[in-house]
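Each remark here refers to the structure printed beneath this line.
The values are calculated or read from the model by the stated rules, or taken from the named source; none is laboratory data. Computed from a prediction, not measured in an experiment: that's the story for all the values here. Cβ sites come from the backbone with ideal geometry, for glycine too, and all protein chains shown count toward neighbours.
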Amino acid sequence: MSFSRKVLWIVSLENSDDERDFAQHADVAGIDTVCIRTDSPMFPGIIGRFHRMQKTVWAWRWPGVVPSQTGTYYALRQADYVANVLIPAGLDGYIVDPESDQAGDNNDWNQTSLAPIAQQFCSTIKKAAQGKPFLFGTTSGCIYPSPQGKPDIPWNEFFGASDALYPQCYWRMTVEENGKDVSLDINGGTPTKAIARGVPVWKARANGKPVIPMAGEIDLATVAEIAEYGRQLQQSNINEAHFYADIADPAKGVPPGVLAAIKAL
């Protein structure tokens, strides 16, 4: 197998130790592109540091929808931050993650009334990136664009602005039961079944945009499953692979064998 791009995502990247460990994991896994959540305090300086390591730097966020939210969490302030701070600092791409857990939550995008906010959000970022080789994308739950998922997320606005789409075709996740984290199979419990479940749903709304399924949660994945994920992409002539998500803390991180399996793809 050979992929033109391998992307390693991370949620929590809080300090220089985290940055060092994340960079090491990216190298071990043969990663050329990193995707870092925008609330990391290592932004914007981390962009130049990873560029010097010959790595492309993308950012991502599940932004909020309530204007009273502080900082850059609210969608329109998030867009301003990306446009006015991160893109001038050299950011190479941004992937928005509109989702919904519970109706009425401060990050509940499953509301048709949010379409104008979604349009303004995308427009602000894309306008700032005009004339630059910049990737704008959308990620969300495996079958969220379906009538059985979260159909009222402003898909037309997000998808219309996107260069590529990234369904979260995860086959395993961590849930809390009785105060303990346990592993739960989801979307069929294998890369093959998760991709088969998610990709057709996204393609139905994609208007021809590339649909690239993501692997996750990779701290729970096996070596064989990473290879299976790679084969599924190859069979679909997809040459970009995404891995959610690295954990900077070595005590809780992705098993070394999984990082090696990613490099082997």
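When only residues in the stretch 57-75 that are free of Cβ contacts under 8 Å to residues at least 40 places away in the same chain and in a strand (DSSP E or B) count, which is farthest from F158 (Cα to Cα)? Here the residue is V57. From the list A194, A241, A221, A260, the one residue that fits, being aliphatic (A, V, I, L, M) and under 30 Å from P133 (Cβ atoms), is A241. Residue count for the stretch 133-156 under the criterion of being farther than 23 Å from R37 by Cα and under 17 Å from the mean Cα position of the chain (by Cα): the result is 0.
S40 satisfies every condition listed in (1) in a loop (DSSP other than H, G, I, E, B); (2) in contact (Cβ under 8 Å) with a residue 40 or more places away in the chain; (3) closer than 30 Å to I153 by Cα; (4) under 16 Å from the mean Cα position of the chain (by Cα) except (2). One residue stands out in the stretch 187-200 among those that are within 18 Å of the chain's Cα centre (by Cα) and hydrophobic (A, V, I, L, M, F, W, C): the one that is nearest to W155 (Cα to Cα), namely V199.
With respect to K263, determine if the residue is assigned to a loop (DSSP other than H, G, I, E, B) and of a type in the set (D, E, K, R). Before you say what the answer is, go through the steps one by one.
Details: assigned to a loop (DSSP other than H, G, I, E, B): no; of a type in the set (D, E, K, R): yes.
Against the criterion (assigned to a loop (DSSP other than H, G, I, E, B) and of a type in the set (D, E, K, R)), K263 does not qualify.
Figure legend. Inter-residue proximity from the stretch 236-265: first residues more than 16 Å from R172 (Cα to Cα), second residues in a helix (DSSP H, G or I) and of a type in the set (G, A, S), beta-carbon distance below 7 Å, spacing 6+ or different chains. Indicated pairs: A241/G230; A261/A227; L265/G230. If I filter the stretch 165-186 for residues that are closer than 19 Å to W60 by Cβ and either without any contact (Cβ under 8 Å) to a residue 12 or more places away in the chain or acidic (D, E) (or both), do I get at least one hit? No: the stretch 165-186 contains no residue that is closer than 19 Å to W60 by Cβ and either without any contact (Cβ under 8 Å) to a residue 12 or more places away in the chain or acidic (D, E) (or both). Across the stretch 100-124, which residue is modelled with the highest pLDDT among those that are surrounded by fewer than 17 Cβ atoms within 10 Å (Cβ to Cβ) and either touching a Pro at 6+ places or on another chain (Cβ under 6 Å) or of a type in the set (D, E) (or both)? Per the criteria, the residue is A115. Scanning the stretch 68-99 for residues that are more than 25 Å from F243 (Cβ to Cβ), surrounded by fewer than 23 Cβ atoms within 10 Å (Cβ to Cβ) and not hydroxyl-bearing (S, T, Y) yields Q69, G71, L76, R77, D80, A83, N84, V85, P88.
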